[in-house]
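Here is the structure we will look at, set down as structure tokens.
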Amino acid sequence: MTILGKKQMSEEDIKLNYITPVILDGWKGHVTMETKITDGRINISGNIVARSKPKFADYMLYLNDGKPIAVVEAKDNNHSVSHGLQQAMTYAQMMDLPFAYSSNGDAFYEHDFLTGQEQQIALEEFPTQEMLVARYYAELHSGKGISDMEKKIVSQPYYSSQSTYPPRYYQRNAVNRTVEAIARGQQRLLLVMATGTGKTYTAFKLSIACSALTLKRESCIWLTEIFLLTRAFYRILHRLKRPFIKWTFPTRRV
């Protein structure tokens, strides 16, 4: 017998008693809670600078550490099952995720971005990691599925160490989309990123991701105008025992 009735429970109570146990049953080790998506918009008023409230996802479900696959938003039981779906869809679109879910503790409501379909799912029938990953692979490319090479790329984890930090959501999107396009056989790609968005970091992650796969690319040229931008890259290559050649071109004063 519970201390509180479902209608008296807070959102956190609903998550603890109903949603979290179901998700952990099929996603243990591949789920994070209260995952920060953004640090919050920077607001400037005269000489005063302040950030808006950061965005957090209640649950983030992962194929691997470099590939989130779904987001779940929870609400208390005084809201409908689908009440949090729009918020989940907004986060999913930001992070390029194929599935978005909402729940009030009675059931789950799903939006599938690959098919455009929505459905309500019984609480105990929430898909496990194996089930959702299998659906993801099968629904890609308008239901045609993916090749073994693309599957290998999608499941490739990111390089990480004590000296690295996780990518921001748009950096993760850039790396994943680029590597997946290369796997499909696309020969020329262009990434356009604004100043301060981490172009060097993204290019580094992209280089490591490509070098870890058999993409018929035997070399990678890393060009920078500032040597400091290459130091971290050199250190990582040493740790990975990857061969590299460094060229330094003299600058010409005008």
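Values quoted throughout were computed directly from the atomic coordinates according to the rules given, and no laboratory measurement underlies them. Given the structure is predicted, the values throughout are model-derived calculations rather than measurements. Glycine gets a Cβ as well: all are built from the backbone with ideal geometry, and neighbour counts include every protein chain shown.
Values as computed for the structure displayed
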read-out: Segment 1-69: C-alpha gyration tensor shape, a/c 1.5 cut-off, then a/b vs b/c; value: oblate
read-out: Solution diffusion estimate, µm²/s, Stokes-Einstein, segment 45-145, Kirkwood Rh from C-alpha pairs, 4 °C, viscosity 1.567 mPa s; value: 89
read-out: Computed log₁₀ I(q)/I(0) - Debye formula, equal Cα scatterers, no solvent, segment 60-117, q 0.15, 0.19, 0.26 Å⁻¹; value: -0.39, -0.60, -0.97
read-out: Ser155/His79 FRET efficiency (R0 22 Å; Cβ-Cβ; nearest 0.05); value: 0.05
read-out: Backbone N under 19 Å from the Glu124 label point (7 Å along Cα→Cβ), restricted to segment 64-102; value: none
read-out: Theoretical FRET efficiency, 1/(1+(r/R0)^6), r = Cβ-Cβ of Leu189 and Leu16, R0 41 Å, to 0.05; value: 0.40
